[in-house]
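This report refers to the structure that appears directly beneath it.
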Amino acid sequence: MDRKKTVWLAALAFAAVSVFAAQIRARTQSSAIAAAPVGIFESHGDVGTVLHEGSVEYEAAKHSYTIAGSGENMWSASDAFQFVWKKMSGDVTLMADITFLGKGVNEHRKAVLMIRQSLDADSPYADVALHGSGLTSLQYREEKAAATREIQANIPAPKRLRIEKRGAYFSMWLADEKGKFRLASESTRIALKEPFYVGIGVCSHDKDVVEKAVFSNVDLKPAETAAAAASTLYSTLEIITVASTDRRAIYIAPERFEAPNWMPDGKNLLFNRNGRIEKIPVIGGTPQVLATGFATRCNNDHGISPDGTQLAISDNSQEDRQSLVYIVPIGGGAPRRITQKSPSYWHGWSPDGKTLAFVGERNGDFDIYAIPAAGGEEKQLTTANGLDDGPEYSPDGKYIYFNSERTGHMQIWRMRADGGEQEQITFGEENDWFPHLSPDGERMVFLTYDASVKGHPENKDVMLRMMTLKDKKIAVLAKLFGGQGTMNVPSWSPDGKQFAFVSYQLAPKSP
């Protein structure tokens with residue numbers, strides 16, 4: 001081949017590549033191109049890089065939108081999908097019936113109700129995503145180019161879906177067979193600036209494929225304010241997978257419940273509600289009340305013995321109605337009193353099962369104590385000024401981790417099991433509470449309040465954070481509305497891959 005022909009072929013190839021690149025750029029940037037209004041929405045276009053341009057058809061008589069979308073995924077640090085949108089501000093609610101057309105190529109194709117900061121592929125957002133498989137989840141990206149996370153609903157293949165934005169919180173609501181909406185996930189906290197984009201979209205989850213979904217009975221409007229005086233408190237029992245930080249809603253109820261323990265069989269959780277201890281499968285279901293005899297005013301300080309045969313409870317039903325620590329059989333039964341003085345709040349069980357750690361108020365001071373599980377004299381382990389709380393043994397039994405405000409605000413500390421060698425573990429400006437050690441002793445999950453918050457009140461913006469104890473690095477696992485009752489007691493799964501917690505939400509009362 002002569003040199004001229006070689007040059008000509010190279011030029012031709014370069015031109016072809018340039019044309020293809022231009023097409024990709026055009027499809028990637030098409031969201032920024034103005035289009036005619038589509039029903040209640042202002043415009044539409046492809047977000048991110050797609051190989052096949054998306055489209056939307058609007059039928060005014062049916063108030064329906066048929067959206068065709070391509071895109072490799074809506075996940076990780078960037079998205080690719082067809083988006084039909086409107087700019088808005090304030091609190092909003094968006095709902096629709098969603099039906100996929102055709103069998104579909106990938107079971108993870110997604111049809112979404114979305115609230116998004118911008119049309120950039122890596123924009124922060126929250127959406128309610130119906131997958132082709134029937135899985136429904138609240139997906140979210142907290143910051144630009146951050147990893148996507150999700151809260152999976154325990155309701156498969158709903159027909160009608162709703163996303164709500166109230167302040168910085170986003171939540172997912174799904175309708176039952178009678179059309180009544182129920183909260184299907186706890187809320188997640190994302191700080192979006194106004195205005196933002198609200199709309200509907202489709203992603204094929206396969207860059208070479210176009211999928212379609214129909215959004216009908218679409219309703220977009222400002223959200224009603226959830227004033228505390230006229231609102232319903234919802235509690236959500238959740239499980240979070242540590243490796244991915246994905247969350248799954250197990251059980252939701254329009255009332256307060258608290259403090260899950262993961263049972264040693266790995267199949268069930270315990271929590272407290274209305275003074276009783278209840279048991280529920282980790283896959284969800286109907287909770288069953290555990291028999292605890294006269295102890296019918298149990299608070300959120302309870303936990304299971306290392307051998308799985310006994311349950312420590314803290315109950316306010318006797319004498320002066322101050323909390324006392326008792327032990328009952330794990331399957332229920334008559335309480336056996338452990339502490340003689342009150343108030344006393346259980347928090348930890350030594351790995352050998354012989355000793356309990358608890359918090360007691362004695363002479364006006366809250367300190368940490370140890371007492372034999374068989375009963376006996378209590379031993380005071382801390383004497384520092386300020387509240388000491390939340391004691392939990394390390395899996396090897398050498399240390400007790402706890403939270404203390406002896407430095408002026410609440411931080412995590414640890415000491416030898418006999419109370420010696422007390423040392424500080426966290427050093428931030430926030431207030432850290434309730435350390436819980438993973439079964440292998442390598443990680444510690446704890447609850448964090450803002451620096452301005454005193455004590456551990458309910459209904460606050462909080463974070464679940466995790467420290468790897470070897471290098472003391474801290475990562476945020478979840479931002480939520482909670483506090484008191486969220487994670488007061490040990491809640492790691494036996495395999496150390498997950499832990500359970502309770503989050504909360506205030507929503508307007510149903511009419």
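The values are calculated or read from the model by the stated rules, or taken from the named source; none is laboratory data. Nothing here was measured: the structure is a model prediction, and the numbers come from that model. All Cβ positions, even for glycine, are placed from backbone atoms using ideal geometry, and neighbour counts span all protein chains on display.
Quick notes on this one:
- Pairs, first at negative phi in region 179-190, second surrounded by fewer than 19 Cβ atoms within 10 Å (Cβ to Cβ) and modelled with pLDDT of 90 or more, C-beta under 7 Å, six or more apart: Phe181/Ala175; Arg189/Ala168; Arg189/Asp461; Ile190/Glu142; Ile190/Ala168
- Hits in region 197-232 - residues which are among the hydrophobic types (A, V, I, L, M, F, W, C) and at pLDDT 95 or above: Val198, Ile200, Val202, Cys203, Val209, Val210, Ala213, Val214, Phe215, Val218, Leu220
- Qualifying residue in region 461-475 (condition: out of contact with any Lys or Arg (no Cβ under 8 Å at 6 or more places or on another chain), farther than 18 Å from Ser187 by Cα and buried (at least 22 other Cβ atoms within 10 Å of the Cβ)): no
- For Glu405, the conditions (1) buried (at least 18 other Cβ atoms within 10 Å of the Cβ); (2) modelled with pLDDT under 95 all hold with the exception of (2).
- The test for being under 22 Å from Leu480 (Cα atoms), surrounded by 14 or more Cβ atoms within 10 Å (Cβ to Cβ), touching a strand residue (DSSP E or B) at 6+ places or on another chain (Cβ under 8 Å) and modelled with pLDDT of 95 or more holds for Val242.
- Lys87 vs. criteria free of Cβ contacts under 8 Å to residues at least 24 places away in the same chain and either surrounded by fewer than 21 Cβ atoms within 10 Å (Cβ to Cβ) or not assigned by TED's automatic domain parsing to the domain that holds Pro195 (or both): no
- Against the numbered list (1) under 19 Å from Asn403 (Cβ atoms); (2) surrounded by fewer than 19 Cβ atoms within 10 Å (Cβ to Cβ), Lys341 comes up short only at (1).
- Residue within region 288-302 that is of a type in the set (Phe, Trp, Tyr) and over 19 Å from the mean Cα position of the chain (by Cα) present: yes
- From the list Asp367, Asp389, the lone residue that is among the acidic types (Asp, Glu) and either exposed (fewer than 13 other Cβ atoms within 10 Å of the Cβ) or more than 29 Å from the chain's Cα centre (by Cα) (or both) is Asp367.
- Remark: Val289 falls outside the filter, which requires a residue to be at pLDDT 95 or above, among the β-branched types (Val, Ile, Thr) and surrounded by 15 or more Cβ atoms within 10 Å (Cβ to Cβ).
- Failed condition for Glu423, given (1) at pLDDT below 95; (2) in contact with a strand residue (DSSP E or B) (Cβ under 8 Å, 6 or more places away or on another chain): (1)
- Within region 131-150, residues that are assigned by TED's automatic domain parsing to the domain that holds Asn73 and on the phi > 0 side of the Ramachandran plot have Cβ atoms under 7 Å from residues that are surrounded by fewer than 21 Cβ atoms within 10 Å (Cβ to Cβ) and among the charged types (D, E, K, R) in these pairs: Ala145/Asp122, counting only partners at least 6 apart in sequence or on another chain.
- Here is the figure for region 130-167: residues that are touching a Lys or Arg at 6+ places or on another chain (Cβ under 6 Å) and within 22 Å of Ala253 (Cα to Cα) total 2.
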